[in-house]
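Each value in this text was obtained by applying a stated rule to the coordinates, not by laboratory testing. Just so we're clear, the structure is a prediction, and the values are computed from it rather than from any experiment. All Cβ positions, glycine included, derive from the backbone under ideal geometry; neighbour counts span all protein chains shown.
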Amino acid sequence: MEAHPILLEPIMNVEVTCPAEQAGDVIGDINGRRGRIVGMEPAGETALVRAQVPMAEMLNYEPSLRSMTGGRGGYSMEFSYYEEVPAFLADKVVKEARAEKEKAEKH
């Protein structure tokens with residue numbers, strides 16, 4: 001504990017292709033997932049949204065994207081870098097880990 005450890009999470013480069021009329025919904029959803037929009041390129045009736053999003057926030061993205069775009073959206077992602085987890089989330093993770101450890105020690 002004297003070393004003051006920090007918790008890191010993987011950040012993913014994400015590219016979402018969607019109908020242009022749903023681009024605003026996609027951007028709003030990515031922002032709600034702690035993502036940062038890097039750029040948006042309209043391409044006729046479709047749009048390409050580029051963002052950096054924590055991996056933990058992308059685990060359930062497929063059904064959300066399908067719902068927003070009526071099944072017409074798609075995405076790809078690849079690892080970019082590690083970033084420190086925000087304090088409020090790190091505290092939650094640490095508390096859950098401690099509770100699980102205490103539970104295991106009782107059994």
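Looking across the range 58-71, the residues that are surrounded by 15 or more Cβ atoms within 10 Å (Cβ to Cβ), within 25 Å of residue 83 (Cβ to Cβ) and not hydroxyl-bearing (Ser, Thr, Tyr) come down to 58, 65.
For the range 72-107, the tally of residues that are surrounded by fewer than 12 Cβ atoms within 10 Å (Cβ to Cβ), over 13 Å from residue 6 (Cα atoms) and not charged (D, E, K, R) stands at 7. When residues in the range 1-37 are screened for being surrounded by 16 or more Cβ atoms within 10 Å (Cβ to Cβ) and farther than 20 Å from residue 78 by Cα, 4 of them pass.
Per this entry, residue 64 is not counted among residues that are out of contact with any Pro (no Cβ under 6 Å at 6 or more places or on another chain), small (Gly, Ala, Ser) and either under 18 Å from residue 10 (Cα atoms) or touching a residue at least 60 places away in the same chain (Cβ under 8 Å) (or both).
Only one of the listed residues (55, 40) is over 15 Å from residue 9 (Cβ atoms), surrounded by 10 or more Cβ atoms within 10 Å (Cβ to Cβ) and under 18 Å from the mean Cα position of the chain (by Cα). That residue is 40.
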